[in-house]
Amino acid sequence: MEPVRLEEIAEEYRRRSSAVAARIVLCAGTGCIANGANKVFAMFKTVLEAKGLDVYVDLKMVEEDKAGFHLSESGCQGFCQMGPLVTVLPDNIMYTRVKAADVAEIIEETVINKRPVTRLLYKDPATKEVCRGTGDIPFYTQQKRMLLKMCGQIDPGDINEYIALGGYAGARRAHLELSADDVTRIVEDSGLRGRGGGGFPTGRKWRAAAAQPPGKKYVICNGDEGDPGAFMDRSVMEGNPHSVIEGMLIAARAIGADEGYVYVRAEYPLAVKRMRAAVEIAGSLGILGESVFGSGRPFRINVMEGAGAFVCGEETALMASIEGRRGMPAPKPPFPAECGLFGKPTIINNVETLASVPIVISLGAEQFRATGTKASPGTKTFALTGHVANTGLIEVPFGTSLRTIIFDIGGGVTTRRGPGKPEDFKAVQIGGPSGACLSPRYLDLPLEFDSLKAINAMVGSGGLVVMNQDTCMVQVARFFMQFTQSESCGKCVLCREGTYQMLVLLDDIIEGRADERTIGLLESVARAVGTGSLCGLGKSAPNPVLSILRDFRGEFDAHIAHKRCPANKCTALIRPSIVASKCRGCGLCVKSCPTGAITGERKQAHIINEALCIRCGACLTTCKLGAIA
Amino acid sequence: MSPEMLVSRAEKFSKVCGILERFGHKPTMLIPILQAVQEEYRYLPEEVLSFIAATLDLPPARVFGAATFYAHFALKPKGRYVIRVCDGTACHVKDSEPILNKLRTVLGLGKGQQTTEDMEFTLETVSCLGACGLAPVVVVNEEVHSLMTPEKTEALVNGLKGRKEGMAA
Ligand SMILES: Cc1cc2nc3c(=O)[nH]c(=O)nc-3n(C[C@H](O)[C@H](O)[C@H](O)COP(=O)(O)O)c2cc1C
Ligand code: SF4
Ligand code: SF4
Ligand code: FES
Ligand code: FES
């Protein structure tokens, strides 16, 4: 096969794209689709065509002398809460919460007459200022988007656009101009650390595999992303799959691998589809295959769909799963770099780690280190969710504080009754089931691998779940215990049985059966589980519970000593009553109560009949005035 | 197992044979094979699993072991609509539990029961669908519904029920 000519593809792409009069980019990430993006897309096509305008969904169809309109989809643009998002280029105007009914107006006003439709622009709730797009929306301006820059901008189905923006140049350089050793050294010097949770230096991992004698070797991309509350890897695979492939190609060069696997979790069907399509098109251009960029060296990629087991994110379990076995972790050593998939030297890296590699190669080690902190260079993506105004996908330099993320980028805490005050912030969960819940005293801690490790927390994959005062921290602890308990592979007794005992103890607290010995018992079982488990799942299972015990001890005491749930969430301990001074007699609670325990005249304070109340808590969540406590 | 028996089974399982063929009868392809079979039957019937074990020359325990280990594999038939309520951290703190309770009531599911008697609905929980920005999230088959409430969920199910009755009429 002729070696692919990246410059020609880029040139051709630019020529065709300069021929279009305007480009309309619709976010087609999971969030925006859930909000109806597909209907909006179809409407754009219909309306443009009805007007007799030329619409190109694929830039390849553009004819030179016909200035049409380019309609394309992108992966998640990050601002999911405000979706569906529509951007009109070249003016870079971004519309939020677009409905199919808005499409005709956007086309008429913006696409044709070049005027913004003010009512669809984002308004900053703090300053009431109208923003035109990513250039002045605070959610975006306070981030540093390196990895996510293309994700949410380019058409993930069009390899030409990735190439036109400089894509695959790093992989080609690695394969044609640099030695394997050069590549490994650049990655080592960049200080890039694994984004899969542990922060292990990527270059060091590659060096170990490169040092193995030549022969069959594998590169695995870990796209399992099982942490609840995290969707960064999903967004990268969906929004910029070629960056992952390029990272794998560079890794393959460094260690001398000729085959790779992308292991994607089953819950991400769109990511599987996009990765498969990207692998196929890269193969057809000779970027993957028998002779990568004409170098004579082969590299092939298989995309494998997981089958729903959180523990398969652990590297040895993941390899067992690819081999067709139950995904159970194995003891290390031997490390995968020595004896991995099918017994061959293997490196496993996270999606985000691999997608960072092309950036490292194109910037160079020095320039890459200019962002982030000394020990944690670069940026980190986070999935910001929970009780925060701007939920979504963000990217910030390592070392950014939680305060900046939650209050500046996230727009602050929300409550059931709308926007909250800073005091409404109760905790933020970081690092998923292996991580911790941090109280307000950590708001100014710079986020990086080592600072978090120092307080027994971890960056983890990057899920940040913000919680307000309505959250019961004992229940959050139980939630994580339930998760690890049901996801334990069952190999280690302490992980299997110990997590179950911890769950039982937490249930005792929540259901009012606990006494003064419960916490001590919980702590000692937690220590045993941490010590006696083989893999990271069991070892870190106690972390969320211990961190909550450390920072929210008072809440445990309230449950145990006073049989009271301060957040009014534990139904066995609540005794809902109506605060007459706050109740306006709206009657919402009456409708929500399944037993008819609430009565009262309209516009008069209501009352709850304790004898009828089954403490389901429905009225507590329903009351918008906080009159039930 | 005698060759005749294999042949007669092969007829019965012609679709499975096609799948095994597609994956080159490789035991390392067991998981993709099970996925493809499940796509065909919507669950993994016991006899099919035994057949796969015999054909791939694997101990049945290996095949059943894999099939029971992964949450995605169902050994019992599922309903026409699989409703999955996300109970990941983000959805949980945004009150996914009342949604689940509501669904159990609306579908009339008893304790431990996942699928309705008429095989219309199966109710499951999943830990995170990666749409946490729009929590809480409910997925029906492949369609994601965001920012759900117990009331919206009830309306959704009633809509699906209506669709069935509408078709019958
Ligand atoms: C229970 C468990 C689950 C894990 N899940 C993931 C995951 O979903 N994605 C991931 O990249 N790493 C996960 N890891 C970490 C991987 O084992 C491995 O360290 C990582 O993929 C290495 O990539 P990195 O060096 O690029 O960070 C998990 C670890 C454990 C113990
Ligand atoms: S610690 Fe738990 S998940 Fe890990 S190997 Fe042991 S039993 Fe399995
Ligand atoms: S807790 Fe439940 S049963 Fe009791 S008053 Fe409130 S809604 Fe009615
Ligand atoms: S899915 Fe559209 S912004 Fe995230
Ligand atoms: S926690 Fe529900 S979608 Fe992630």
| Using alpha-carbon coordinates, inclination of helix A:6-18 to the longest axis of chain A, degrees | 70 degrees
| request: Return the whole-Å distance between the Cα centroid of segment B:52-71 and the Cα centroid of segment A:74-119. | output: 51 Å
| task | Give the residue from A:VAL183, A:GLY260, A:GLY536 lying farthest towards the positive end of the charge dipole for the protein assembly as shown; charges sit on Cβ (+1 for Lys and Arg, -1 for Asp and Glu) and the dipole is referred to the Cα centre. | result | A:GLY536
| remark: Taking protein heavy atoms only, a 1.4 Å probe, and rounding to whole percent, the accessible area of chain A owed to carbon and sulfur comes out at 53 percent
| message | Report, to one decimal in Å, the Kirkwood hydrodynamic radius for chain A based on all distinct Cα pairs. | response | 26.4 Å
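So, with +1 on the Cβ of K and R and -1 on the Cβ of D and E, and no other charges, what is the size of the charge dipole of segment A:301-458 about its Cα centre, to the nearest 20 debye? Don't jump to the answer; show the numbers that get you there.
On the way: 14 positive and 14 negative charges, 77 e Å.
Its charge dipole is roughly 380 debye.
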| remark: To the nearest Å², the heavy-atom accessible area per residue of segment B:29-169 with 1.4 Å probe amounts to 44 Å²
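At 1.4 Å probe radius, can you tell me the per residue accessible area of chain A in Å²?
On the way: 24060 Å² over 629 residues.
Per-residue accessible area for chain A comes out at 38 Å².
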| query | Just for the protein assembly as shown, what percent of DSSP beta bridges are antiparallel, to the closest 5? | reply | 55 percent
| Taking +1 at the Cβ of each Lys and Arg and -1 at the Cβ of each Asp and Glu, which of A:PRO201, A:ILE359, B:PRO136 sits farthest along the dipole of the protein assembly as shown towards its positive end, judged by Cα position relative to the Cα centre? | B:PRO136
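Tally the DSSP beta bridges in segment A:1-93 and give the antiparallel ones as a percent, rounded to 5.
Details: 5 of 13 bridges.
Of those bridges, close to 40 percent are antiparallel.
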| field | Degrees, to the nearest 10: A:180-190 long Cα axis against longest axis of chain A | value | 40 degrees
| request: State which entries of A:LYS591/B:LYS94; A:LYS563/A:LYS591; A:LYS114/B:LYS152; A:LYS380/B:LYS78; A:LYS39/B:LYS161; A:LYS569/B:LYS78 exceed 31 angstrom in Cα-Cα distance in the structure shown. | output: A:LYS114/B:LYS152; A:LYS380/B:LYS78; A:LYS569/B:LYS78
| If you place +1 on the Cβ of every Lys and Arg and -1 on the Cβ of every Asp and Glu, how big does the dipole about the Cα centre of the protein assembly as shown come out, in debye to the nearest 20? | 1740 debye
| remark: Taking every residue of A:30-41, the Cβ atoms of other protein chains inside 10 Å of its Cβ average out to 4
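So what's the projected area for segment B:24-137, the Cα convex hull averaged over all directions, in nm²? Walk me through the numbers before you get to the answer.
Values: hull surface 33.8 nm².
Mean projected area for segment B:24-137: 8.4 nm², to one decimal.
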| request: Using only the alpha-carbon atoms of segment A:124-254, report the extent along each of the three principal axes, biggest first, to the nearest angstrom. | output: 63, 33, 26
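At 222 nm, what helix-only mean residue ellipticity would the protein assembly as shown give, in deg cm²/dmol to the nearest 500, using -39500 (n - 2.57) for each DSSP H run of four or more? Can you show the working numbers first?
Numbers: 32 runs with 307 residues, N = 798.
That calculation yields -11000 deg cm²/dmol at 222 nm.
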| message | If I model a spin label at A:ASP444 and A:GLU497 as a point 7 Å from the Cα along the Cα→Cβ vector, what separation in nanometres do I get? | response | 4.8 nm
| query | Can you work out the base-10 log of I(q)/I(0) for segment A:282-406 at q = 0.13, 0.14, 0.18 1/Å, using the Debye formula on its C-alpha atoms alone? | reply | -0.86, -0.97, -1.18
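In µm²/s, what is D for segment A:470-566 at 37 °C and 0.692 mPa s, where D = kT/(6 pi eta Rh) by Stokes-Einstein and Rh is the Kirkwood radius from Cα pairs?
Numbers: Rh = 13.1 Å.
Approximately 250 µm²/s, per Stokes-Einstein.
Note the buried accessible area between A and B here, summed over both chains, with a 1.4 Å probe, in Å² to the nearest 100. Spell out each step's value before the answer.
Values: alone 25590 and 9950 Å², together 32350 Å².
The A and B chains share an interface burying roughly 3200 Å².
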| Toward the positive end of the charge dipole of chain A, about the Cα centre and with charges on Cβ (Lys, Arg +1; Asp, Glu -1), which of A:ALA629, A:ASN456, A:VAL25 goes farthest? | A:ALA629
| query | Once the Cα atoms of helix B:97-107 and of chain B are each reduced to a long axis, what angle between those two axes, in degrees from 0 to 90 to the nearest 10, is obtained? | reply | 70 degrees
| remark: Checking segment A:100-182 for GluC sites (Glu not before Pro) in a loop per DSSP with at most 16 other beta-carbon atoms within 10 Å yields A:GLU129, A:GLU177
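The values are calculated or read from the model by the stated rules, or taken from the named source; none is laboratory data. Note that this is a predicted model, so its numbers are computed, not measured. FYI the Cβ positions are ideal-geometry reconstructions off the backbone, even for glycines, and counts take in every protein chain you see. Note: areas computed on protein heavy atoms with side chains; ligands, DNA, RNA excluded. Shrake-Rupley method; radii C 1.70, N 1.55, O 1.52, S 1.80 Å.
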